[in-house]
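What follows draws every value from the coordinates through simple rules; no lab data is involved. Bear in mind the structure is a predicted one, so any value in this text is a computation, not a measurement. Glycine also receives a Cβ, built like all others from the backbone with ideal geometry; neighbour counts cover every protein chain displayed.
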Amino acid sequence: MTESSVSPPDAHRVDPLEPWPDAVEWRPVSPKLITVELINRAIWVALLLAGLFVGWMYNDHELWLAGMGAVVLFAIWRSFITVRAVRAWGYAERDNDLLVRHGLVIRRLSIVPYARMQYVDVTAGPLERAFQLATVQLHTASAASDAKVPGLPPEEASRLRDRLTALGEDRAEGL
């Protein structure tokens, strides 16, 4: 074994998704987003269960009941995952770029330079509005580098939109 093939003991502990653990202040999304996501899931599960129930009414077969049970179990499992997934969302503003992280199994860190932004969208669906939340979506020339930050209070979404727009204009390439 050559000396160049031996790595220092701390080399394996580097996390590429946490490149600045002490230098970046991560901001979480609102915990209200958990409720919005769970209500959204409950609506889809109710619709699916209603369809399976109608099938069971016309067929009276145990397979329909097994399907309903599987849907309920899957919905419960996904609800636990949703809570953790929402808590994994975070964003951080730096001098020249915005960092957005999310994901549990497949974790993702997006770094969007302000100079690359073309425009910023702020959206809020009916459920988001009911819980006073909004989503900020950043668009760049490359669709692969777009990023979104869901679950922001409207004041924070407006502040972030205005700041990103101003910084994009200052950099004279984007917005």
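Taking square-rooted eigenvalues a ≥ b ≥ c of the alpha carbon gyration tensor, is segment 92-136 rounded, prolate or oblate, where a/c under 1.5 means rounded and, failing that, a/b exceeding b/c means prolate? Numbers along the way, then the final one.
Numbers: a/c = 2.65, a/b = 1.37, b/c = 1.94.
In terms of gyration-tensor shape, oblate.
Just to check I understand the Karplus step: with θ = phi - 60° and J = 6.51 cos²θ - 1.76 cosθ + 1.60, what whole-Hz values come out for segment 30-37, glycine and proline as x?
5, x, 4, 4, 4, 4, 4, 5
Taking the Cα-to-Cβ direction at Ala92 and at Gln137 and moving 7 Å from each Cα, how far apart do the two end points lie in nm?
2.7
Can you work out the PRE-style zone for Ala166? Point 7 Å along Cα to Cβ, and I want the residues of segment 20-52 with backbone N under 12 Å.
none
Along Cα→Cβ, 7 Å out, is where each label goes; now give me the distance between the ones at Asn59 and Val24 in nm to one decimal.
Computed distance between label sites Asn59 and Val24 equals 4.8 nm.
Can you pull the one-decimal nm distance between simple spin-label points at Leu104 and Tyr119, each 7 Å off the Cα toward Cβ?
In this crude spin-label approximation the distance works out to 3.5 nm.
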